[in-house]
Amino acid sequence: MVLIHLKRGDRSVLLFNVPAATDMDTVTRDIIEVHNLRLRVISLVSACKELANHGPAKPADKQGLDEYTNEDGSLKTDEGVGTVDAALVAKYEHYCADPTGQRNGDAPAKEVAAVILKQCEEAETCASEKQVDNKVCLTVEMLKGQIDLLRGAVTIAYPMGLPDNDAVRALIEGPDGMSGAGAQEVLDHDSAGLWWAGKLLVREKKLSDFVGRNDKTKIVAKLQKGGASAPSRERAIDEETQKRMMAHYHRKQEEMKKLEEDEDDSYTHSAWANPKSLKSSFHGLGEIRA
């Protein structure tokens, strides 16, 4: 299996295994699907954390303060009575105000929220860039499995389902709920291209036409949107190595400067620096002092 080390810019994103004999159209589509699924999992994890802490999303036209909350986020009380209305307590037993005003604060019970957050942690680890350092190759099955597990955790907390406008529901059902930087990085299966060694791996050929037939090959490739120019070449050395090299050469220059400034020639009067010491020792004159 050819190991493809995928990068976006200077960041390592994921590892992907594929046989060398596979046609490039299949390789490109498969790696794009893994890339997009990974972004979807990351977005879903972020939305599920908000769900576990602050409950389902409000309708778009009702986001902000509602009839149950004060400006400080606390629950409103009956007029003239210092206790919270019993109906509100029943509705918001685990109330936790959302600072952004996008969610209604009707958080699930702590035990159920813990289940969601634990599953979020597992999914976040699966989709993390650290998987590259751990030499774990991502697959479609792995990422879809994490989405299914998050769906199960959310269903336990909200068996009646989530509102249509909730990002968690949208992301579980498909990638349409993605927003922000994650949505901008989603690539089209038909137009995006895979680049390696400064050239586009055209879909009409096989992977072996570019990297050879050896299935133990490793390449560093990059994905680009359709119509985009070739990705910029990476630096020969990384920034940290460059800093260490510059520090090393700076120390060497300082040492050379000190040696040039040191004009002390008193060492020439030492016995070991006398060029005639060997001849004197042969003549038995080595211990004679003036």
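Only the coordinates and a few stated rules stand behind these numbers; no lab work does. Predicted model only: the values in this text are computed from it and were never measured. Every residue, glycine among them, receives a Cβ derived from its backbone with ideal geometry; neighbour counts consider all protein chains shown.
Quick one: net charge around A230, please, counting Lys, Arg +1 and Asp, Glu -1 for every other residue with C-beta under 13 Å from its C-beta.
+3
What does the charge add up to near G198, with Lys and Arg as +1, Asp and Glu as -1, over the other residues with Cβ less than 14 Å from its Cβ?
Every neighbour counted, the sum reads +3.
Which pairs, out of K118/K206; K144/K206; K7/K205; K218/K252, put more than 31 Å between their alpha-carbon atoms?
K118/K206; K218/K252
If you take the square roots of the eigenvalues of the alpha-carbon gyration tensor of segment 93-155 and sort them as a ≥ b ≥ c, do you get rounded (a/c under 1.5), prolate (a/b over b/c) or oblate?
It is prolate, given that a/c is not under 1.5 and a/b is the larger ratio.
Which of the lysines could be linked to K62 by a straight reach, that is with a Cα gap under 19 Å, when you skip same-chain ones fewer than 8 residues away?
K76, K91
Percentage of Cα-Cα pair distances in segment 140-251 greater than 21 Å, rounded to whole percent?
The answer is 64 percent, as a whole percent.
Highest mean first, what order results for 44-54, 247-257, 2-12, 218-228 on Cβ atoms within 10 Å?
My ranking of the peptides, most packed first, is 44-54, 2-12, 218-228, 247-257.
Using a Förster radius of 22 Å, what is the FRET efficiency between E33 and Q63 based on their Cβ-Cβ separation? Nearest 0.05, please.
The computed FRET efficiency comes out at 0.10.
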